[in-house]
1. Compute the angle between helix 117-126 and the longest alpha-carbon principal axis of the chain, please, reported from 0 to 90 degrees and rounded to the nearest 10.
2. Give me Rg over Rh for the stretch 129-248, both radii from the alpha carbons and Rh done the Kirkwood way, two decimal places.
3. Which residue, CYS219, CYS158, CYS58, tops the fluctuation ranking in a GNM of the chain built on C-alpha contacts under 10 Å?
4. Rounded to whole Å, give me the distance from the Cα center of the stretch 72-112 to that of the stretch 113-174.
5. Return one number: the angle in degrees, 0 to 90 and rounded to the nearest 10, between the long axis of the Cα atoms of helix 174-185 and the longest principal axis of the Cα atoms of the chain.
6. Taking the 0 to 90 degree range and rounding to the nearest ten, how far is the long axis of helix 33-46 tilted relative to the main principal axis of the chain, both from C-alpha atoms?
7. Translational D (Stokes-Einstein, µm²/s) of the stretch 116-161 at 4 °C and 1.567 mPa s when Rh comes from the Kirkwood sum over C-alpha pairs?
8. Need the list of lysines near LYS110 for cross-linking: C-alpha distance under 18 angstrom, and skip anything on the same chain fewer than eight residues off.
Amino acid sequence: MKISLKIWRQPKRDADGAMVDYTLDEVSDDMSFLEMLDVLNEQLIAEGEEPIAFEHDCREGICGSCGVVINGEAHGPEVTTTCQLHMRSFSDGDEIVIEPWRSEGFPVLKDLVVDRSSFDRIMQAGGFISANTGAAPDAHATLVPKDNADRAFMGAECIGCGACVAACPNASGMLFVGAKVTHLGELPQGQPERHARVVAMTEQHDAEGFGGCTNLGACSVACPKGIPLNVISQLNRDRQRAALRSSD
Ligand code: FES
């Protein structure tokens, strides 16, 4: 099939950018979205032009590095990561608009690549547990109820892709923070730092320039891992408990 592309080109951080038009004449339904960009880049290189910078690693929906906004939707028309999106989701003659995540917390580095190290700094602020070094403890030394284990695992499925931020009109990353807080807060090992964690992570989230959550839910709809909105409720409960404790 033949497709038209409008792609954000920006030579470097803080430089002006613009949408640039491209055409691809022979796109297979079976290509992944990133393979389609690979074909375009081969075409650009053959023509002596600068290829389009886009991020990817696993191409298996695991690492979270590949996100772009496609036709106004984070990761495009399917609920999946950009690397798991296939060209069969589009039709012959379609125009596809591709942009980077847009948020103060994710500054554009080049073309479609944004700096997501703000998420790393939020994790550094509190997304960890303290554990004694030495031999690994017995796997069943600390029992975890099944419901807590399932909910912790659900939170752990967040791959930190940033689609929640891209989908939110406030550019809030609270679904990401909520997933991490829920993951650790459901486990016995996460209890000692539970309240300090939620305060440190939400403060770092705000310091990075992400917006506040107003419970619109667009983040959860766009999330390729289906993280539910109620992780933010859990985050808010922990945050309130932390405030009550500090006022004792
Ligand atoms: Fe790893 Fe897409 S490249 S999730």
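Every read-out reported here was derived from the displayed coordinates using simple, explicitly stated rules and does not represent laboratory data. All figures in this text were calculated on a predicted structure; none of them were measured in a lab. Heads up, the Cβs are rebuilt from the backbone with ideal geometry, glycines too, and the neighbour counts pull from every protein chain shown.
1. It is inclined by approximately 10 degrees.
2. Reported Rg/Rh (Cα atoms, Kirkwood Rh): 1.00.
3. Maximum among the listed residues: CYS58.
4. That distance is 24 Å.
5. 40
6. Between helix and principal axis, roughly 50 degrees.
7. After rounding, the answer is 98 µm²/s.
8. Of all the lysines, those that pass the test against LYS110 - Cα under 18 Å, at least 8 places apart if same chain - are LYS6, LYS12.
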